[in-house]
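Enquirer: Let me begin by handing over the structure; questions about it come next.
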Amino acid sequence: MPPKILCLHGSGTSAAIFRIQAIRLSRILQAHFELVYVDGFIDTPPGPGVLPFFEGMEPYKRWLTDKDGHEERPWPDLDKLVELFNRNGPFVGIIAFSQGAKAATHLIRWLEQRGQQLDFAALFGGTVPFRLKVGTEEWAELIKPTIITRSIHVIGDDDPWRSESEALMEHYDKPSRSLIRFKGGHHMPVDPDINEKLAKLIIASHAESNDYP
């Protein structure tokens, strides 16, 4: 059986929609991994840009309520994601988009606190786990200790949430993280060269973590 990657969609979409959004990357990775797409826990209206292309693909889901930092901490549904992770795994890594990257960060930190570590996390257009102002004392405390799991952060130059994606990187150990920027907005990259580069990074991260040649 190929190693599994957990795939977490963005807010206002679904596992089925993310499978379509990530098709360019998954076509390269499917020779090496089994990609497991799962649905968020909260019903929600369709997210930005979902309609009309994904009309009729209800129900649309999200992972968190996104109210404010104090209401998000602790995340009440983290135990559901942990259970889902354990039930569908084992997983060697995570691919996550937008709010899914936020949920993934909660999960990865939870795993590391218990001595477990994934081979990699590829986070696309991620938003920060808590809505606190970057640079405040509260923010400084939130990002300690940094996450040591290898991370690949993918950010569109024209993404309206670009600053949040850049802030998300602060949660991850600098020597263990990579940054890839692409020409585009808040979506999965469509450029074949970018997807090839991403796939090589993901494959290499898994191989290096397991001492493969």
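Enquirer: Any chance you could tell me what percent of the C-alpha pair distances in region 5-58 go past 13 Å?
Expert: Details: 840 of 1431 pairs.
Beyond 13 Å sits 59 percent of the P(r) for region 5-58.
Enquirer: In whole percent, what relative contact order does region 1-62 give with Cα contacts below 8 Å and a gap of six or more residues? Walk me through the intermediate numbers first.
Expert: Details: 98 pairs, mean separation 28.8, N = 62.
That works out to 46 percent.
Enquirer: Still on this structure, I have one more. Tell me, in nm to one decimal, what length is gained between ALA204 and GLN113 on full extension, where the rule is 0.36 nm per residue of separation less the Cα-Cα distance?
Expert: Length gained, ALA204 through GLN113: 30.3 nm.
Enquirer: For the chain, what's the relative contact order in percent, using C-alpha pairs closer than 8 Å and at least 6 residues apart?
Expert: 20
Enquirer: Could you please rank THR146, THR65, THR13, placing first whichever residue has the fewest other Cβ atoms within 10 Å of its Cβ?
Expert: Lowest count first: THR65, THR146, THR13.
Enquirer: Per DSSP helix of 4 or more residues, -39500 (n - 2.57); summed, then divided by the residues of the chain. What does that give at 222 nm, rounded to the nearest 500?
Expert: That comes out to -10000 deg cm²/dmol.
Enquirer: For the cross-link pairs LYS4/LYS183; LYS61/LYS102; LYS4/LYS80; LYS61/LYS183; LYS80/LYS197; LYS102/LYS174, which exceed 23 Å when the distance is taken from alpha carbon to alpha carbon?
Expert: Pairs exceeding 23 Å: LYS4/LYS183; LYS61/LYS183; LYS80/LYS197.
Enquirer: Taking trypsin sites (Lys or Arg not before Pro) that fall in a DSSP loop and have at most 11 other Cβ atoms within 10 Å as cut points, what is the longest piece of the chain between them? Could you put the intermediate results ahead of the total?
Expert: Working: sites that count: LYS67, ARG114, LYS133, LYS183.
Longest stretch, sites excluded: 1-66.
Enquirer: A further question follows. Treat every Asp and Glu Cβ in the chain as -1 and every Lys and Arg Cβ as +1, leave all other atoms uncharged, and give the resulting dipole magnitude about the Cα centre to the nearest 20 debye.
Expert: Values: 24 positive and 29 negative charges, 71 e Å.
Once rounded to the nearest 20, the dipole reads 340 debye.
Bear in mind these aren't lab numbers, they're just calculated from the coordinates by the rules spelled out. Computed from a predicted structure; not experimentally measured. All Cβ positions, glycine included, derive from the backbone under ideal geometry; neighbour counts span all protein chains shown.
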